[in-house]
Amino acid sequence: MAEITFNDIIKPENLAYKKSRLMTDNILSYCPGCGHGTAHQVLAEVLEEENLQERTIGITPVGCSVLMYNYIDVDFQEAAHGRAPALATAVKRLMPDKFVFTYQGDGDLAAIGTAETIHTCNRGENILMLFINNGIYGMTGGQMAPTTLPGMKSSTSPYGRDVSMMGSPIKMADIVAMLPGTCYVTRQSVNTAGGVRKLKRALKKAVQYQNEKRGTCFIEVVSNCPSGWKMTPVESNKWMEEHMFPFYPLGDIKVPAE
Amino acid sequence: MAKIKGAVVVDRERCKGCEVCVVTCPTETLALATEVNSKGYHYCYPANPEACIGCSNCAVVCPDGCITVYKVKIG
Amino acid sequence: MEKELRLMKGNEAVAEAAIRAGADGYFGYPITPQSEILEYLMEANPQATTGMVVLQAESEVAAINMVYGGASCGKKVMTSSSSPGISLKQEGITYIAGAELPCLIVNVVRGGPGLGTIQPAQSDYFQATKGGGHGDYHLLVLAPASVQEMADFVELGFDLAFKYRNPVMILSDGAIGQMMEKVWLKPQKKRSEEILPWATTGKPATRERNIITSLDLDPGRQEHFNLKLIAKYREMEEKEVRFEEFMTDDAEYIFVAYGTSARLCQKALQLARAEGIKAGLLRPITLFPFPKKRLNELAASVKGMLAVEMSAGQMVEDVMLSVCGKTRVSHYGRMGGMIPTPEEVLENLKSFIKG
């Protein structure tokens, strides 16, 4: 048998993976190795595969992902810092047949927007809340976040987070899981292919639950911030596995009764 | 025995050289180039293309959507 | 529902008028003296009849951001509050102005600063007309002086908001909100089913995605946007100035007053005329755009203007800017929830005349 060449394989019929058509060609503004990009891709894939482009409204936060609307080809609203769940509440109530998601970082969702987060989940708004937790304020240059680990250094905790002064990191997923309004709460990651595939399954469940009007779906993605953590992307992922995952364990926290 | 053979195509200009794909690849197909792209990043490329099994792990973890994967069954 | 005459509180009139105007959503938070708006809507339960969404938010901040989300979908949405709550809403209001979204905001003003009092005041004039939040923007501000106008300005406010894609504020006060008067209510309008081309309603294959944002990191483009806003405000100044005049034809002295103050100035004007003082009244109905041109014209023929406000003197600055020094301008005001009597306004006019 003749040896098969590289060019023999690269044919449309042999395609195994390409970026979702819902990802635009704009170069993402994120730093090299940042989990935001991966989270965007997998979200776009799910929106594409579930045929949701025509009925999706996304709400972007203030933070690194403020410009998310440049990257995924669906209608977007850009919220004030922390307020995405309030916007989403109104959008979903006014247009119940749309697919509505928010996308927020830890400063946005777990500090300035805590009230909106809690009450949106408590009302059980039929939306998907995507929470990217990298334990730091990335866009403003690496300040301490509500989710910064104990002892972790940041530009506003230069000697490490002192929990006696600054409190302990807040576990938002565990908090909202206690509220009757949430139907599905899970914590996932995007640093490995396996992790991304699990996140994709979680996103598909969230789509299903939103279609079934079962309440708020809350998906936390524990992610990295190579620039803010002052590490290479590969080092940051290793550090995340060693330090973030023990504090923020991956897996389902709340699943709906079948 | 059937064997899967894969091929990866990297959009060098989109690549930021984060290396996440390189460490994810189970067959050490990928590496960072010594040359840089127009943004100054050491872009990723299939340094060992023969090894590719088309698993797509590299493309799935790529934050910048730079990688397209093809695969065929042979034998 | 047909056209109907009812005896209502100003706050209730706002709520009923909103339902009848075909509003899509109301998002509020309780605060005195305007809680009747939310209470009335909850009791009326328009979701079951017109489909209008009514929601009590967890805070004023959340409520205005719900308005932002709803307005981004091209829906007819509104909120209401009173002064301290309106301060909390300012962040959302500047985003709404910056994203060029239509919405209606009702402020039933109480005395301040701070927690102040729950009694009526007009001390939020600067906040309402000069921006209120950060950045260069204006609301279009309507000042009702009766329960009838509380009702009428809801539909007018929505119309203007959509015409200019700009937030509109009804600047009322605790007296107008709480007083009962007869009010003609308009027949029920159907809620609009039109999908606006700029609205985020899900991207069909036939158009580019719609993005609602107030962000532009490019200085040139941001300045261009600021210029566009300015042009919009200039157009409002050309086309939307509304005011009412009483006995200004032969007036030597003119009261300038809006809302509750305008009502008591009408009485003070009668008292002045009875004493042979040729007094008149100009009542601005739009506070932004302000009736600058008309005041400037009147300034040429009068001996002075007295701005009467329930504040330390806020609108009086716009009166001064309008007349450009052509005539004397002074201010009389009460604060802290005190409402001046027509008699004390007259006394003040007399001392103003003496100079």
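The values are calculated or read from the model by the stated rules, or taken from the named source; none is laboratory data. These numbers were taken from a predicted model, which means no experiment stands behind them. When we count neighbours, we look across all protein chains shown, and the Cβ atoms used for this are built from the backbone with ideal geometry, even at glycine. Accessible surface areas use protein heavy atoms only, side chains included; no ligands, DNA or RNA. Shrake-Rupley method; radii C 1.70, N 1.55, O 1.52, S 1.80 Å.
Would you mind classifying region C:128-236 by shape? Square roots of the alpha carbon gyration tensor eigenvalues, ordered a ≥ b ≥ c; an a/c under 1.5 is rounded, otherwise it is prolate if a/b is larger than b/c and oblate if not. Here region C:128-236 falls in the oblate category.
Note on A:E49 and A:R197: the model spin-label points, each 7 Å out from Cα along the C-beta direction, lie 1.1 nm apart. Computed with a 1.4 angstrom probe on protein heavy atoms, the B-A interface buries about 2700 square angstrom of accessible area in total.
How much length, in nm to one decimal, is gained on full extension between C:F225 and C:E317, taken as 0.36 nm per residue of separation minus their Cα-Cα distance? Don't skip to the end; give the middle numbers.
On the way: separation 92, 0.36 × 92 = 33.12 nm, distance 2.80 nm.
Length gained, C:F225 through C:E317: 30.3 nm.
Give the share of C-alpha pairs in each 5 angstrom bin for chain B, from 0 to the last occupied bin, in whole percents, shortest bins first. That works out to 3, 19, 29, 23, 14, 7, 3, 1, 0, in percent per bin.
Leaving out ligands and nucleic acids, note down the accessible area per residue over region B:3-74 with a 1.4 angstrom probe, in whole Å².
Here the per-residue accessible area is 43 Å².
Give me the extension gain from B:N48 to B:E28: residue separation times 0.36 nm, minus the current Cα-Cα distance, reported in nm with one decimal.
6.5 nm is the gain from fully extending B:N48 to B:E28.
What separates the Cα centres of chain B and region C:1-27 is a distance of 63 Å.
Net charge near A:R197: determine it from the other residues with C-beta under 12 Å of the C-beta of A:R197, scoring Lys and Arg +1 and Asp and Glu -1. Don't skip to the end; give the middle numbers.
Numbers: positive: A:K198, A:K200, A:R201, A:K204; negative: A:E45.
Spelling it out: positives minus negatives among the neighbours equals +3.
Kindly state, to the nearest 0.05, the FRET efficiency for A:M165 paired with A:T24, given R0 = 41 Å and r defined as their beta-carbon distance. Write out the running numbers ahead of the final one.
Working: r = 43 Å, r/R0 = 1.06.
In this case the efficiency is close to 0.40.
If you wrap the tightest convex hull around every Cα atom of chain C and split its volume per residue, you get 140 Å³. Shape verdict for the protein assembly as shown, please, from the Cα gyration tensor: rounded (a/c under 1.5), prolate (a/b greater than b/c) or oblate. Taking the square roots of the gyration eigenvalues as a ≥ b ≥ c, the protein assembly as shown is prolate. GNM remark for chain C: springs join alpha carbons under 10 Å apart, and the peak mean-square fluctuation among C:M66, C:M247, C:M315 falls on C:M247. The modelled label-to-label distance for the pair C:L115/C:R273, using points 7 Å beyond Cα in the direction of Cβ, is 4.5 nm.
Report the rotationally averaged projected area of region C:244-354 based on its alpha-carbon convex hull, in square nanometres.
Details: hull surface 24.1 nm².
Averaged projected hull area, Cα only: 6.0 nm².
A straight Cα-to-Cα reach below 25 Å connects C:K303 with the lysines C:K267, C:K278, C:K292, C:K293, C:K326, C:K350, C:K354, residues fewer than 8 places away in its own chain not being considered. Under 25 Å of direct C-alpha separation, and excluding same-chain neighbours fewer than eight residues apart, C:K89 reaches these lysines: A:K92, C:K9, C:K75, C:K76, C:K130, C:K163, C:K228, C:K232. Taking each residue as 0.36 nm, the span from C:L217 to C:K293 lengthens on full extension beyond its C-alpha to C-alpha distance by 23.6 nm. In this simple spin-label approximation, C:T341 and A:H243 carry label points 7 Å from Cα along the Cα→Cβ vector, and these lie 7.3 nm apart. With all protein chains present, how much of the accessible area of the protein assembly as shown (probe radius 1.4 Å) comes from carbon and sulfur, to the nearest whole percent? The C+S portion of the solvent-accessible surface of the protein assembly as shown is 54 percent. Restricting attention to region C:155-312, close to 35% of DSSP beta bridges with both partner residues there are antiparallel. Between region C:118-185 and region C:192-216, the alpha-carbon centres lie 28 Å apart.
Checking the a/c ratio against 1.5 first, then a/b against b/c, what shape does the Cα gyration tensor give for region C:1-70? In terms of gyration-tensor shape, oblate.
Estimated from helical segments only, the mean residue ellipticity of the protein assembly as shown at 222 nm is -10000 deg cm²/dmol, where each DSSP H run of four or more residues counts as -39500 (n - 2.57).
Over chain C, with the other protein chains present, what is the accessible area per residue in square angstrom, probe 1.4 angstrom? Let's see the in-between values first.
Numbers: 13740 Å² over 355 residues.
Per residue, chain C has 39 Å² of solvent-accessible surface.
Between the beta carbons of C:L7 and C:K354, assuming R0 = 30 Å, the FRET efficiency works out to 0.10 to the nearest 0.05.
Here's the list of lysines a cross-link from A:K230 could span, going by alpha-carbon distance under 24 Å and ignoring same-chain residues fewer than 8 apart: A:K153, A:K171, A:K238, B:K16, B:K39.
Screening chain A for DSSP H helices whose Cα atoms reach 20 Å or more along their own axis and whose mean Kyte hydropathy is at least -0.5 gives A:35-49. Ordering C:257-264, C:112-119, C:335-342 by mean Cβ neighbour count within 10 Å, with the highest value first, yields C:257-264, C:335-342, C:112-119.
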